[in-house]
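This report refers to the structure that appears directly beneath it.
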Amino acid sequence: MKRLVLLLAMLFLVSSLSAGTIAGKVTSKETGQALAGANVYIKGTTVGAATDEDGMYRIKIDDGTYTVLCDYVGYSVAKKEVEVSGTVKVDFALTEYLFSQTINVVADRARERETPVAFSDVSQEAMETRLGSRDIPLVLNTTPSVYATQGGGGAGDARINIRGFNQRNVAIMINGVPVNDMENGWVYWSNWDGVGDATSSIQVQRGLSAVNLATPSIGGTMNIITNPAIQQAGFQYKHEIGSGDFSKSTFFGHTGLIDGKYAFSGGLVRKTGTGIVDRTWTDAWAYYLGASYNLNEDNRLEFYALGAPQRHGQNLYKQNIGTYSHSFARDLDDYDPAALDKFKEQGPYFNQNWSPVSSSYRGSQYWSEDYDQRYDPSFLMERENFYHKPQVNLNWYSRLSDRLSLYSILYYSGGHGGGTGTYGDVYRRDANGVLGDDDHRFYFGPSPWTWDWDATIAANQGDEGYYVIDQDSLYKEDGQSLGILRNSRNNQWTVGAISKAYYKLTDNLNTSFGIDWRTAEIEHYREVRDLLGGEFWVKTADEFNPNEKVGLGDKVAYNFTNTVDWLGAYGQGEWTQGPVTAYAMAAWSTIKYGYTNHFRKAAGGGELTADTDWIHGLQLKGGASYRLTNEINAFGNVGYVSKVPIFDAVISDRDGSKAEDPQNEKFTSLEAGVNYRGLAGKLFVKSNV
């Protein structure tokens with residue numbers, strides 16, 4: 001026993017003698033200011049510490065050789081190789097983002113314990129482990145005040161709400177460029193499939209946010225960053241499989257930063273599947289290219305190109321819950337059991353947007369300026385989405401002096417495609433299979449109804465005479481289609497430029513000024529996709545060519561072009577001293593809409609047109625953050641936004657009528673919060689009201 005005690009004592013003594021300490025201070029290289037809350041840690045371990053109010057840290061560790069990393073939001077990561085023997089002093093002077101991670105600056109990333117807004121960061125590692133093959137918004141469901149859903153189950157049909165506001169009032173940006181639709185502010189995530197695989201990080205700022213574009217963000221702002229300069233050199237191949245015959249192959253390659261000047265990243269994604277919900281199939285590609293080049297120590301260029309050409313089946317009809325499960329509906333306290341007699345149980349994967357069709361029907365379809373056969377010979381899809389919206393950015397970052405920097409982005413985005421549906425009169429059957437006609441109206445039978453393509457094809461191929469479809473007695477000529485599938489097209493292009501100047505007035509006061517210019521043209525029309533057995537369709541909506549017989553690919557129903565011109569400007573100041581950070585921002589924007597209807601005549605006989613005057617918007621916001629202790633900071637902000645109305649609130653794109661006095665939407669916001677960060681940066685508690 002004495003020998004054992006002696007041995008343990010000697011081991012403890014040796015261990016004590018070999019224990020060392022790494023200590024030092026973390027400051028800003030530009031200002032010399034201490035950085036509180038910076039993470040200092042040993043590479044490859046969980047050993048580390050956060051800096052205190054004076055920027056000081058201390059790490060206890062065994063003697064040896066280590067790589068020590070220092071990380072602080074808004075600054076480039078620094079590392080040092082140290083040999084520990086006793087106490088070693090290791091100081092870090094961090095460089096603010098300029099040429100190491102410039103895209104973070106132009107995207108207005110909030111900084112931990114400084115920026116007075118509520119925000120959350122999603123890292124690249126979290127994207128890889130939590131997102132999988134889902135649409136990008138779904139990785140944010142663990143983020144406060146965020147609700148994201150896949151929608152009906154089709155690939156790319158996701159949507160996101162932040163603090164109750166939908167995507168029309170949430171600013172979505174990719175590499176600092178707004179991607180919301182120019183007419184009405186919507187975002188279609190099928191256009192950005194594959195971006196998740198290239199994403200370096202996502203930041204969600206809730207509320208009015210600290211983004212200093214004139215673009216108003218009421219619910220919040222979602223910044224998606226893809227940065228080739230911070231990727232490690234190497235290649236990655238990933239293959240995913242899943243239910244619904246899902247298969248996705250992803251290949252990415254990165255050069256890393258070469259000679260401190262060049263960096264390239266590229267990726268290609270292929271995704272297919274039949275879908276879990278009935279016939280929500282997907283057939284998609286995605287591509288990404290990112291490149292950066294440091295011209296010299298004061299100038300840097302970045303280039304980004306990404307897109308996702310895709311087709312997918314959709315599930316867009318809402319159903320009574322009894323359609324999916326009678327037993328589940330019956331157990332609900334507020335469900336009327338009598339409704340179960342009306343709604344036939346179809347199962348949880350029921351989709352009303354498809355129905356089988358005879359394989360003998362080989363009629364061609366027209367979409368994306370080309371003729372093709374349908375996706376599957378055994379069924380026809382009422383609702384399909386097909387689209388390709390590439391985006392190309394050229395970014396230039398220039399440091400004009402120690403106090404003045406200029407950040408400029410020139411970008412192009414061009415959307416091409418649309419969605420499908422029925423047009424005219426198409427047969428349907430109720431849940432018992434009864435065909436809709438004068439004696440057996442489908443909506444009197446059990447729900448939900450389904451399409452009957454074969455009955456429609458038979459009617460379209462029938463002889464001249466009267467046919468009853470959907471309770472209407474219709475007369476047709478030989479070869480005339482009474483009901484067809486149509487494409488609703490939305491072809492568009494947008495060109496824009498963003499330029500921001502940052503000027504450091506004093507060591508404590510940073511200012512920023514910028515402009516945001518965009519112009520867009522959007523074509524809206526319907527075209528014949530599938531004649532469903534007929535030889536032609538009689539177009540009645542075109543006042544210039546009434547009752548014209550048209551075929552596949554010809555325009556029907558409507559045909560108009562919208563234009564949107566946007567100009568915005570802002571000014572912002574940010575003051576930092578000790579534990580206090582405060583900012584104030586004012587922005588002005590103006591928008592002008594134009595409309596030309598190619599199917600409707602104006603009073604003078606030409607095409608119907610409408611144009612608006614310039615409509616002005618305003619936003620004012622500001623806030624302050626105070627670090628109470630090394631672990632706790634409090635913040636508050638206030639804002640007012642007068643948001644310009646969307647296109648549909650100003651011009652009716654069906655008849656060209658204009659609102660006499662279009663009103664801006666007005667929002668006032670007040671927010672306060674307290675954040676806690678402890679356990680050496682491992683625990684975060686954020687609260688706000």
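The values are calculated or read from the model by the stated rules, or taken from the named source; none is laboratory data. Keep in mind it's a predicted model, so treat the numbers as computed, not measured. In this analysis, Cβ positions are derived from the backbone assuming ideal geometry, glycine residues included, and neighbour counts consider all displayed protein chains. Each accessible area value is taken on the protein alone, full model and side chains, heavy atoms only, with ligands, DNA and RNA left out. Shrake-Rupley method; radii C 1.70, N 1.55, O 1.52, S 1.80 Å.
Per-structure values
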quantity	calculated
Whole-Hz ³J(HN,Hα) from phi, Karplus 6.51 cos²θ - 1.76 cosθ + 1.60, for the stretch 468-480, glycine and proline x	9, 9, 6, 6, 9, 8, 10, 9, 10, 8, 4, x, 7
Whole-percent pair-distance distribution, where bins are 5 Å wide, for the alpha carbons of the stretch 615-656	5, 16, 15, 10, 12, 9, 9, 7, 7, 5, 3, 2, 0
Rounded to the nearest 20 debye, dipole of the stretch 270-394 from Cβ charges on Lys, Arg, Asp, Glu	340
The chain - convex hull of alpha carbons, volume per residue in Å³	212
Contour excess over end-to-end distance, with Cα ends at GLU128 and ASP661 and 0.36 nm allotted per residue	187.0 nm
Over 18 Å [Cα-Cα, the stretch 588-689], rounded percent	65
At q = 0.16, 0.19 Å⁻¹, base-10 log of I(q)/I(0) for the stretch 477-595 (Debye sum, equal scatterers on each alpha carbon)	-0.84, -0.98
Phi to ³J(HN,Hα) by Karplus 6.51 cos²θ - 1.76 cosθ + 1.60 over the stretch 406-423, Hz, x for Gly, Pro	10, 10, 9, 10, 10, 9, 9, 9, x, x, 8, x, x, x, 10, x, 8, 8
Estimated [θ] at 222 nm from DSSP helical runs (n ≥ 4, -39500 (n - 2.57)) normalised by residues in the chain, nearest 500	-1500 deg cm²/dmol
Under 5 Å, built H, 5+ apart or other chain: amide partners of THR149	ARG159
Overall dimensions of the stretch 247-331 by Cα: Rg and Dmax, Å	22.2, 70
37 °C / 0.692 mPa s Stokes-Einstein diffusion coefficient of the stretch 282-325, Kirkwood radius on C-alpha pairs, µm²/s	219
Kirkwood hydrodynamic radius over Cα pairs of the stretch 562-619, then Stokes diffusion coefficient at 37 °C and 0.692 mPa s, in µm²/s	222
Percent carbon-and-sulfur accessible area, the chain, ignoring ligands, DNA and RNA, probe 1.4 Å	54
Gyration tensor verdict on the stretch 139-214 (Cα atoms; rounded if a/c is under 1.5, prolate if a/b is larger than b/c, oblate otherwise)	rounded
Tail fraction, Cα-Cα pairs, the stretch 350-426, threshold 22 Å, whole percent	52
Extent along principal axes [Cα atoms of the stretch 380-505; Å; largest to smallest]	83, 34, 20
3J(HN,Hα) from dihedral phi, the stretch 613-626, Karplus parametrisation 6.51/-1.76/1.60, rounded to Hz, x for glycine, proline	6, 5, 10, 9, x, 8, 9, 10, 7, x, x, 8, 10, 10
Residue (of LEU35, ASN191, TYR626) at the positive-pole extreme of the chain, dipole from beta-carbon charges	LEU35
P(r), alpha carbons of the stretch 299-356 - 5 Å bins starting at zero, rounded %	4, 15, 18, 13, 10, 7, 6, 5, 5, 4, 4, 4, 2, 1, 0
Net dipole in debye of the chain [+1 Lys, Arg Cβ; -1 Asp, Glu Cβ; about Cα centre; nearest 20]	2880
Å² per residue, accessible surface of the stretch 550-689 at 1.4 Å	47
Calculated Rg and Dmax of the stretch 460-509 using C-alpha coordinates, Å	29.9, 85
Neighbourhood charge, 15 Å Cβ-Cβ cut-off, centred on THR494 and excluding it, Lys, Arg +1 and Asp, Glu -1	-3
Cα pair count fraction exceeding 29 Å, expressed as % - the stretch 188-340	44
Where labels lie 7 Å past Cα in the beta-carbon direction, separation of VAL77 and ALA339 in nm	5.2
Stokes-Einstein D for the stretch 513-668, Kirkwood Rh over Cα pairs, 37 °C, 0.692 mPa s (µm²/s)	167
Average Cα contact separation per residue, the chain, under 8 Å, 6 or more apart, as relative contact order %	9
Sequence-distant lysines (8 or more away, or on other chains) whose Cα lies within less than 18 Å of LYS342	LYS318
Compactness of the stretch 28-98 - radius of gyration and Dmax, Cα, Å	12.0, 36
Built amide H within the under 5 Å cut-off of LYS344, gap 5+	SER447
Gain upon complete extension [ALA602, THR21; 0.36 nm per residue less C-alpha separation]	200.9 nm
Local electrostatic count, TYR237, Cβ distance below 13 Å [Lys/Arg +1, Asp/Glu -1]	+1
